[in-house]
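Data block below; observations after.
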Amino acid sequence: MTELHVGDAAPNFSTIDQDGNTVTLEGLRGQVVVLYFYPKDDTPGCTKEACAFRDLNAAFAEAGAVIYGVSRDTAKSHTKFREKYGLNFPLLADENSELCEAYGVLKEKNMYGKKSIGIERTTFIIDGAGNIAAVFPKVKVDGHVDEVLAKVRELVG
């Protein structure tokens, strides 16, 4: 499993969003991309994080950044999640875990003695040249989106 660091080239990807549109990192070149990985649609922490990104989406856009959420849920699940909470940014479906593996966010989790592999909540900021500009591992939801926005503003200057 890869661990990405600031300055590394961001792994390219090609996957679909909630509407079935193909999204590639190559196609986003020239833009600052906030790529945040979360465990599951419509769960308490993931909903809180998504709604925080939703509420500050205009500020991210003003700073020159686009937001993409990523989980291993289906495009159909993403559509329901977006509609239920009025999310105003795309959600990428990574059903085969290729994107999660490329970004090194799949980790062993232990809940009530049961071990499983799941997404460790992680956010990456990718610069317009396609390089990792910031990494936020093991994200705690409270205050996270404000921290990411501050970093985007710092990077864009």
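How about the stretch 116-156: which trypsin sites (Lys or Arg not before Pro) there are in a DSSP loop, with at most 10 other Cβ atoms within 10 Å of their Cβ?
K138
I'd like the carbon and sulfur percentage of the solvent accessible area for the chain, probe radius 1.4 Å, heavy atoms only, ligands and nucleic acids excluded.
It is 49 percent, rounded to a whole number.
Give me the 1.4 Å probe accessible area per residue for the stretch 1-97, excluding ligands and nucleic acids, in Å².
About 47 Å² of surface per residue is accessible.
What are the ³J(HN,Hα) couplings of the stretch 21-35, residue after residue, when phi is run through the Karplus curve with 6.51, -1.76, 1.60 and θ = phi - 60°? Round to Hz, x for glycine and proline.
With coefficients 6.51, -1.76 and 1.60, one gets 6, 6, 10, 10, 5, 4, x, 9, 3, x, 10, 7, 10, 9, 10 Hz.
The values are calculated or read from the model by the stated rules, or taken from the named source; none is laboratory data. Nothing here was measured: the structure is a model prediction, and the numbers come from that model. Virtual Cβ from ideal backbone geometry, glycine too; neighbours counted across all protein chains shown. Each accessible area value is taken on the protein alone, full model and side chains, heavy atoms only, with ligands, DNA and RNA left out. Shrake-Rupley method; radii C 1.70, N 1.55, O 1.52, S 1.80 Å.
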